[in-house]
Each structure stands twice: as C-alpha cells, then as structure tokens.
C-alpha cells in the first residue's frame, strides 16, 4: 500500500484536478486530510470498511492514514484538496473551535464509514455552483505564478472551509446534522466519561428519545451507547496505566468505574490481560 505525503516545501496545502482517470486506482494512504469533490461522472469509493457510490456534487473528507481507493469510474472528474492543519499558515485552533468543522473534517474515529458516507454533503443548485466557483479559482491560481499566489490560495481555502461549515449547519442538508449531533454526543461522553452517565439523561440533554439515541449509536458506531461508554472508559484507563503511577483502584474510579473488580473483569475482556499485567507489559511507555 502506497503512502502519499505533501511536499516538505509546501505550506501544508496542495490541489489536483483529475479527469479521464483509469477505471481503478490502487489502495493508498496519506499523512494529511484529503477533501474530495466530484464535478461529474460516477464511480465507487473503496475504504477499509466498504464500497460506496459517488457522483456529482459529493463532497467528503478522507482522514490521515486511512486506506482507500476508487474503482468503476465512468467519465469522472474530481478534485483532491490536500491539507495538513498543523502546517497551514493560520491558527488552526480557530477552525478546530468550530464543532461543524470538527464533525466534517475530523470526525471521531469510532464513527463507521457507512455512517459518514450516508451523511456526506451532496451539493445541489446554487451551493454546487458556489463551491465549484471557489475550487476553479483555486485551480486557476495554483497553476499560475502570480505575485502573492500562496496568500490567495490560503484565503480561498479558508473561504472553502467557511462555506462547508455553513452548508453543514443548513437545514437543507439535514442529513449532515446527524453527524454533527453524534460528534457532539461522543465529545461530551469523552469529556465526562468519569461521571455517572445514563442513556436517558444523555438522550434528554441532546433532544433525542432514548430509542432514537440507541438507533443512532447502532448505525454510527455499531454498538449501544452504554457499550461505547464502557469502551471509552477502558481506553482512558489503558492510557492512564501507561502514563501514570496511580493505583489500579484509583484509575478505575477516575474513569467512572465504581467497582474495581468489575473494572478488572471488563479490562481483561477487552485487553486479554489484567490491568496489572498490561501496565507491566507497557512499562517502557512510562
């Protein structure tokens, strides 16, 4: 599997327009975010989890280090906008502070590709025209050696980010709101995993019925909310076992387990070994 990197001479951005591509492209990864917009034609996008139809107006993001490819392309024209937030010459924290940006560009890794693709943006009408206009300006500027070229490209990329954030929050793209809602719930659970959380209280907080919340989790992360919470707590505990000298009981309680014996049982079920042996095996990480 090939891994693609941005040039070290770039400012964390690159763009490529593809037309008349071969029917299939080999599986590859990259160490940057790759935003794809389909101008025309049809094809299939292949990820580690499945195969998905793509067509005109589709706009989606492949996160770093995710293997993917394309196949069965027919008259497809698309653009790849590649960027590394850590290298872009403006404060990435301004973007990261926006929940819609995080949900679209950096979704939680637990969310399945099925759910991400199902809730991708499929632009139509004036929105499609607007995005294509910005992208064509980027392509035109990219291929010309004009004064302050890099500055203009960064400005256009920022404009593109803003337009996508606004699309994600618009009522006309209601499907993308499920991704945003789920991202908010997962972030809240991560920030509060040590607290007493229940499905009814979480559902009420985010304006869902308990049944709809359970359905959302089963569709998106392939497990129930409680199973996800336990898994989240175990992951947090594993990290604390690696990086702290706290006792196992202290770690169990700090991660939301009121019974250290139950914690040990669940930890062994997930990691095969006991918390004590896990810490011993990972002592080099301390």
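Here are some notes:
- Distance (nanometres) between label positions extended 7 Å along Cα→Cβ at residue 247 and residue 48: 3.8 nm
- Ordered by the number of other Cβ atoms lying within 10 Å of each residue's own Cβ, fewest first, 126, 31, 9, 84 fall into the sequence 9, 126, 31, 84.
- Note on the chain: GNM, Cα springs under 10 Å; of 217, 253, 180, the largest mean-square fluctuation is that of 253.
- Kirkwood Rh, Cα atoms: Rg over Rh of the stretch 15-144: 0.94
- Relative contact order computed over the chain (Cα-Cα under 8 Å; 6+ residues apart), in percent: 14 percent
- For the chain, a Gaussian network of Cα nodes joined below 10 Å ranks 248, 135, 111 by mean-square fluctuation, and the top entry is 248.
- GNM top mover of 261, 19, 119 - the chain, alpha-carbon springs below 10 Å: 261
- Exposure proxy ranking, count of Cβ atoms within 10 Å, fewest first, for 141, 159: 159, 141
- Estimated FRET transfer efficiency (residue 9, residue 261; beta-carbon r; R0 51 Å; 0.05): 0.35
- Over the chain - Rg/Rh using Cα atoms and the Kirkwood inverse-distance radius: 1.02
- Judged by the gyration tensor of its Cα atoms, with axes a ≥ b ≥ c, the stretch 192-286 is prolate; a/c meets the 1.5 cut and a/b is the larger of a/b and b/c.
Computed from the coordinates by the stated procedures, all read-outs in this text should not be read as laboratory data. All of these numbers come straight from a predicted model, not from anything done at the bench. All Cβ positions, glycine included, derive from the backbone under ideal geometry; neighbour counts span all protein chains shown.
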